[in-house]
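Student: Before I ask anything, let me first share the structure, which is written out below as structure tokens.
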Amino acid sequence: MNDRHVIAPLGAAFTPRLICTAGDRLIHPADSHNDLARIVVRWARTWVPETWPARQYFTSLGIGDDENPFYTDNDVAGWLLMQPQPGSLAWRVRSREIDVATALTAEAEAWPG
């Protein structure tokens, strides 16, 4: 039995079964990597829009709150994992600076419950 947490490779399609940490980013599979792409970033146990097109996309679907937009894992199922921003918790995991168990522990302490 493997007791190590494993992270999905960049470019993998997100499912709620994948382990993501704060700072992981997803892009809509139909978008190119540019400023107009629909991109969300992991924050606590939810996803938030990183770009205006992402926010507009979910608003058009009637998902999220205009004042505090956030989305569930199911809302972004099938979106593709992108390179996280340097310095984020996800970037530290993917660069092997820390392991995913440490990242998950830090998140649990930052956002209990």
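Student: Between residue 15 and residue 48, what FRET efficiency comes out of the Förster formula 1/(1 + (r/R0)^6) with R0 = 25 Å and r the beta carbon distance, rounded to 0.05?
Tutor: Plugging the Cβ-Cβ distance into 1/(1 + (r/R0)^6) gives 0.85.
Student: Continuing with this model, one more query. Provide 80, 26 ordered by accessible surface of protein heavy atoms (probe 1.4 Å), highest first.
Tutor: These residues rank, largest area first, as 80, 26.
Student: Report D for the chain in µm² per second (integer): Stokes-Einstein, Kirkwood Rh on Cα pairs, 37 °C, 0.692 mPa s.
Tutor: Rounded to a whole number, D works out at 227 µm²/s.
Student: Relative to the present Cα-Cα distance, how much length would full extension add between residue 63 and residue 109 at 0.36 nm per residue of separation?
Tutor: Here the answer is 13.8 nm.
Student: Still on this structure, I have one more. Would you mind computing the Rg to Rh ratio of region 11-71 from its alpha-carbon coordinates, Kirkwood style for Rh?
Tutor: Rounded to two decimals, Rg/Rh equals 0.94.
Student: To continue, here is another question. Of the residues 62, 78, 11, which exhibits the maximal mean-square fluctuation in a Gaussian network model of the chain defined by a 10 Å Cα contact cut-off?
Tutor: Its mean-square fluctuation being the largest, the pick is 62.
Student: Still on this structure: Please report the Cα spread of region 52-95 along all three principal axes, rounded to whole Å, starting with the longest.
Tutor: 36, 23, 16
The values are calculated or read from the model by the stated rules, or taken from the named source; none is laboratory data. Everything numeric in this text was worked out from a predicted model, so none of it was measured. Positions of Cβ are generated from backbone atoms using ideal geometry, with glycine treated the same way; all protein chains shown enter the neighbour counts. Heavy atoms of the whole protein, side chains included, go into the accessibility calculation; ligands, DNA and RNA do not. Shrake-Rupley method; radii C 1.70, N 1.55, O 1.52, S 1.80 Å.
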